[in-house]
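See structure below.
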Amino acid sequence: MEFDRFDIDGPVLFVPNRHRDPRGTFAEIFREDEFRAAIGDVTLVQENQSISKPINTIRGLHYQSEPRAQGKLVRVITGAIMDIAIDLRPHSRTFGQHIKIELSEENWYQLWIPPGFAHGFRTMRPNTTVIYKVSDYFSPEHDRGIAWNDPDLHIDWELYGQQPVLSEKDKDQPALVELFSIDVARAAEAHRAMVHDIGRYRASTGD
């Protein structure tokens, strides 16, 4: 297993070493020892799965508040997503900034999103299946969200004029500035030129 880090401290991209032969492909998808070596003392306690039938389904932006904040290890089984993680740590120098990366059934990448981040994704193909392990159990009373299209976040969802498919819940999430007393505008302005999109990790259908 190889891993890479981002300009925003905390998230980690795990890249499995795949072995191919005439039968197909094999890889170790998760090893606790390697995960802990890269992340630290984190235990994953629950696994969730979503299937999004329409293309351009957006799920998010979601997080759990303290003391039940969740870290997430996200991977795609079928289809592809544009995955987004937003830094919500109040004292972080990158508060309000985000990373964006493509996860797909071809590339087998897994994105670790630490506690203190909001998470969301847009499906890039129909019938996309996403699985993610989390570091704490779902807690309805700590369940939170941010508007997917909050202009202060400067997220380019790459919809190109197409309409997203959203749940009623995600259509009515609050803006970041409603949830945090930090100078959101200043943090967002600093982020305009910094969104980290790892081009060499784009999915390849020939891989």
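Structure above, values below:
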| read-out | value |
| --- | --- |
| Hits in the range 76-89 (condition: of a type outside the set (A, V, I, L, M) and touching a Phe, Trp or Tyr at 6+ places or on another chain (Cβ under 7 Å)) | 83, 87, 89 |
| Matching residues in the range 150-176 - criterion: being out of contact with any Phe, Trp or Tyr (no Cβ under 8 Å at 6 or more places or on another chain), more than 13 Å from residue 56 (Cβ to Cβ) and open to solvent by 30 Å² or more (accessible area, probe 1.4 Å) | 151, 152, 154, 156, 167, 168, 169, 171, 172, 174 |
| The range 137-149, residues that are surrounded by fewer than 18 Cβ atoms within 10 Å (Cβ to Cβ), assigned to a loop (DSSP other than H, G, I, E, B) and touching a residue at least 24 places away in the same chain (Cβ under 8 Å) | 137, 138, 139 |
| Odd one out for residue 145, checked against (1) over 18 Å from residue 173 (Cβ atoms); (2) at pLDDT 95 or above; (3) within 16 Å of the chain's Cα centre (by Cα); (4) not hydrophobic (A, V, I, L, M, F, W, C) | (1) |
| Matching residues in the range 82-118 - criterion: being open to solvent by less than 10 Å² (accessible area, probe 1.4 Å), over 11 Å from residue 8 (Cβ atoms) and part of a strand (DSSP E or B) | 82, 83, 84, 101, 103, 104, 110, 111, 112, 118 |
| Criterion violated by residue 127 - all others in (1) over 21 Å from residue 35 (Cβ atoms); (2) open to solvent by less than 50 Å² (accessible area, probe 1.4 Å) satisfied | (2) |
| Leading residue by the ranking (farthest from the chain's Cα centre (by Cα)) among those in the range 63-81 that are closer than 21 Å to residue 175 by Cα and open to solvent by less than 50 Å² (accessible area, probe 1.4 Å) | 65 |
| Of residues in the range 1-54 being in contact with a Ser or Thr (Cβ under 6 Å, 6 or more places away or on another chain) and more than 30 Å from residue 92 (Cα to Cα), the one surrounded by the most Cβ atoms within 10 Å (Cβ to Cβ) | 52 |
| Filter pass, residue 43 being touching a helix residue (DSSP H, G or I) at 6+ places or on another chain (Cβ under 8 Å), β-branched (Val, Ile, Thr) and part of a loop (DSSP other than H, G, I, E, B) | no |
| Residue selected from the range 1-35 under the condition among the charged types (D, E, K, R) and over 17 Å from residue 109 (Cα atoms), by the criterion modelled with the highest pLDDT | 9 |
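The values are calculated or read from the model by the stated rules, or taken from the named source; none is laboratory data. Not measured: the values here are computed from a predicted model. Glycine gets a Cβ as well: all are built from the backbone with ideal geometry, and neighbour counts include every protein chain shown. Accessible surface areas use protein heavy atoms only, side chains included; no ligands, DNA or RNA. Shrake-Rupley method; radii C 1.70, N 1.55, O 1.52, S 1.80 Å.
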